[in-house]
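Taking it in order: structure first as structure tokens, then the write-up.
Computed from the coordinates by the stated procedures, all read-outs in this text should not be read as laboratory data. Note that the structure is a prediction, hence the values are computed from the model and not measured. Glycine gets a Cβ as well: all are built from the backbone with ideal geometry, and neighbour counts include every protein chain shown.
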Amino acid sequence: MAKLIELRNVYKIYSEGLESEVRALDGVSLEVERGEFVAVVGQSGSGKSTMMNVLGCLDIPTRGDYFLDGVDVRELSDKELSRIRNKQIGFIFQQYNLIQNLTVLENVELPLIYQGIDPIDRRELAMEALGRVGLADRAQHKPTQMSGGQQQ
Ligand SMILES: Nc1ncnc2c1ncn2[C@@H]1O[C@H](COP(=O)(O)OP(=O)(O)OP(=O)(O)O)[C@@H](O)[C@H]1O
Ligand SMILES: [Mg+2]
């Protein structure tokens, strides 16, 4: 069976060729098996978020290969990448990316709208998810009324 995640010699270079070029990823290789728990630790600015953005299919490497469950992500269309981000990958952002004028519940419901789930089921699933993380009583609050950890 294919590795769940495989990075092969991946580079991410911001502003390549310019004087201000930043090599955020410099030949990174990584393999993650199904069920494996991996933590990546490093100094501020060492490229962790850049690597997560690649792994989460939010950004593409400048060079090198990324295979997700055996599939070369570079071969995927924007639509297929959207589907993977919506259904296959869970992602907690360093910056929360919540929509400030929606309630907590509406924020949690948002990806389910794109999955085409009907409003009643959507609400129920979102409430269940909030309940699992102890935030059911905050459903009608706005993101700014939550602590940093609660927002994440
Ligand atoms: N969009 C961008 N354009 C140019 N440089 C960038 C961009 N994003 C990140 N960088 C640079 O790439 C390097 C890696 O940044 P990254 O955000 O991946 O670090 P990090 O390990 O997540 O840091 P932290 O622990 O502070 O979150 C840094 O030098 C950063 O300044
Ligand atoms: Mg970071």
Those residues of region 1-16 which are in a strand (DSSP E or B) and either more than 16 Å from ligand 2 (Cβ to nearest atom) or loosely packed, with under 15 Cβ neighbours inside 10 Å (or both), in sequence order: Ile5, Glu6, Leu7, Arg8, Asn9, Val10, Tyr11, Ile13, Tyr14
Can you name the residue in region 27-69 that is more than 14 Å from ligand 2 (Cβ to nearest atom) and among the polar types (S, T, N, Q) and, of all such residues, is surrounded by the fewest Cβ atoms within 10 Å (Cβ to Cβ)? Ser29
Out of Thr50, Thr62, sole residue that is without any contact (Cβ under 8 Å) to a residue 40 or more places away in the chain, within 16 Å of ligand 1 (Cβ to nearest atom) and among the β-branched types (Val, Ile, Thr): Thr50
Among the residues of region 17-26, is any loosely packed, with under 10 Cβ neighbours inside 10 Å and at positive phi? yes
